[in-house]
1. Let me check I have the definition right: for the range 218-260, take the eigenvalues of the Cα gyration tensor, multiply each by 5, take square roots. What are those semi-axes in whole Å, largest first?
2. Between Asp202 and Ser59, what is the label-to-label distance in nm when each label sits 7 Å out along the Cα-to-Cβ direction?
3. Pick from Thr45, Thr227, Thr35: which is most flexible by mean-square fluctuation in a GNM of the chain where alpha carbon atoms under 10 Å apart are linked?
4. What is the sum of charges, Lys and Arg at +1 and Asp and Glu at -1, for the other residues whose Cβ falls under 11 Å from the Cβ of Ala73?
5. For the range 1-108, compute the orientation-averaged projected area of the C-alpha convex hull (one quarter of its surface), in nm².
6. Thinking of the range 3-211 as a set of Cα atoms, what percent of all their pairs are more than 30 Å apart?
7. For labels at Leu51 and Asp36 in the simple 7 Å Cα→Cβ model, what's the distance in nm?
8. Alpha carbon centre of the range 149-222 versus the range 63-96: separation in Å?
Amino acid sequence: AGIEFGLDAPYVVEHHESLPSTNDRARTLAADGGTDVAVVADEQTGGRGRLDREWVAPSGGVWVSVLTRPAVAPARAPLFTLAAAVAVADACREAGVDATIKWPNDVLVAGPEAGGGDDRPGRSDRPDRGGRKLAGVLTEMEGEADRVSWLVVGVGVNANLDPGTLPAGATSLRAERGEDVDRRRFLARLLERYAELAADPDAVLSAWRERASTLGRRVRVETPGGTVTGRAVDVEPPGALVVETDEGRTRVHAGDCEHLRDA
Ligand code: BT5
């Protein structure tokens, strides 16, 4: 069983030294009827990304899953993924690291992206670091036809980690700002901001647009239905990416997005 983390947070915070996955623990709590709980672990031994990919989660990161039962239709669940990405980006900025969001769920260091396409000047004074991944979000839920039964939004932030222990293309808050972040304070801000956004899902998209680096970019998105290449022009409810392709506009609801260099 978990122990209280002693945080002033809008959720009951259940803290563990080590768990296989905070999402799995939150799902167990959901099955037991729980709600409004944030499960935190110092380390995860079986952290998960999307599509059953591995999420590397040693001690020093912020690994947290928030279990709620929002009164919305299952189709609106993607808004909560976007809300979590906004909350992470804001918490990173408050910690002194300029962060942007790559659709749908990646939080990256702002600035020109090596191998990518952001050659616009003035985006960063550290042009070699832009595009590195600071954090990701994994949302899982169960719903009836018209209502979410439970929703687990899992957030992984590379806080005080050595990038050498992370997959290629990843970085940490400590590596970007040059000193440790206060993980407890970071978590408190993250949960506070997420709760604020989750209480007002209609406001999420505009907040997301302001922090996204994907809009206006050329992208390649691997979707379950095939590859979509074109210019990302907008995000539409409940979180679909609108891509302008040679064949016209198309909406992408899920997939892996890569930012491309401008032709
Ligand atoms: C994600 O997946 O970005 C969602 C990650 C969610 C992790 C949190 S931690 C708390 C909660 N409990 C869990 O078990 N999960 C959630 P995706 O977009 O599929 O990205 C996964 C890919 O990112 C992997 O295939 C690696 O290439 C890379 N990766 C793995 N660990 C990473 C890390 N710590 N930092 C950056 N990239 C990483």
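Just so you know, all these numbers are worked out from the coordinates, no wet-lab data involved. Computed from a prediction, not measured in an experiment: that's the story for all the values here. All Cβ positions, glycine included, derive from the backbone under ideal geometry; neighbour counts span all protein chains shown.
1. Working: eigenvalues 35, 29, 19 Å².
In descending order, the three semi-axes are 13, 12, 10 Å.
2. The two pseudo-label positions are separated by 4.7 nm.
3. Thr227
4. Combined, the nearby Lys, Arg, Asp and Glu give 0.
5. 7.6 nm²
6. On the way: 3675 of 21736 pairs.
For the range 3-211, the share of Cα pairs beyond 30 Å comes to 17 percent.
7. 3.7 nm
8. 9 Å
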